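Q: Encoded as C-alpha cells, here's the structure I'll be asking about.
The values are calculated or read from the model by the stated rules, or taken from the named source; none is laboratory data. Everything numeric in this text was worked out from a predicted model, so none of it was measured. Heads up, the Cβs are rebuilt from the backbone with ideal geometry, glycines too, and the neighbour counts pull from every protein chain shown.
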Amino acid sequence: SDSPSDVVRPGAGGRRVPRRTMGISLAEPKYPVVHATPGPRLLVSNFHASDWLCVLGCSAFGAAAGFVSARRFVKVTASRAGLVMGLTAGFGLAVQNSYARLAGIRRNDTEVRRYGGRRLDLVDADGNAVSVPAAVPAASK
C-alpha cells in the first residue's frame with residue numbers, strides 16, 4: 001500500500017517508507033524546489049550570513065530592551081530574559097527564511113547552485129538524489 005507521501009530511503013532495501021516531514025507550507029513555490037519538507041539539520045546548515053545576523057540582532061535587541069525596560073535591581077535578570085526571547089525570535093525567523101529558500105518560496109539561487117539543481121527529498125533505490133530540471137518561474141503580469 002504505497003501512498004504518494006512515501007519515498008524510497010537509503011538503507012531501506014529499496015522499500016518505500018513514510019516520508020519524514022517537519023512542516024507543510026500552503027504557499028506555491030515560485031522558484032526551483034530543493035527540498036519540499038526539510039528537517040532541522042538541513043534548515044540550520046543552509047543559514048546564510050543574513051540569517052545569522054538576524055539571530056544576533058534579535059538577541060542583542062532583546063538583551064538591550066530587557067536591560068533598559070527593567071528596574072535597577074532586576075536589570076541583569078531582565079536582560080538575560082530579553083536575550084533568550086530575542087534569540088528564540090531570531091532563530092525562528094532564520095529557520096523560516098531558510099525553509100522558504102529550500103522550498104522554493106523565496107529566491108534560492110545559492111541553494112540551487114550548491115546542490116546542483118537536485119531535489120534532496122527525492123532519492124532513487126540506491127540513495128542517489130534524483131535530478132529534476134530547475135523550473136523557470138512564470139513571468140508575473
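Q: Checking the conditions here, which among SER50, SER59 is assigned to a helix (DSSP H, G or I) and within 19 Å of the chain's Cα centre (by Cα)?
A: Answer to the selection: SER50.
Q: Sticking with this one: Any residue in segment 109-132 that is at pLDDT 65 or above and part of a helix (DSSP H, G or I) sitting within a Cβ distance under 7 Å of a residue that is surrounded by 12 or more Cβ atoms within 10 Å (Cβ to Cβ) and aliphatic (A, V, I, L, M)? List the pairs, counting only those 6 or more apart or interchain.
A: Qualifying pairs under 7 Å: GLU111/VAL34; GLU111/LEU102; VAL112/VAL34; VAL112/ALA134.
Q: In this structure, is LYS30 over 11 Å from the mean Cα position of the chain (by Cα), touching a residue at least 60 places away in the same chain (Cβ under 8 Å) and on the phi < 0 side of the Ramachandran plot?
A: When the stated conditions are applied, LYS30 passes them.
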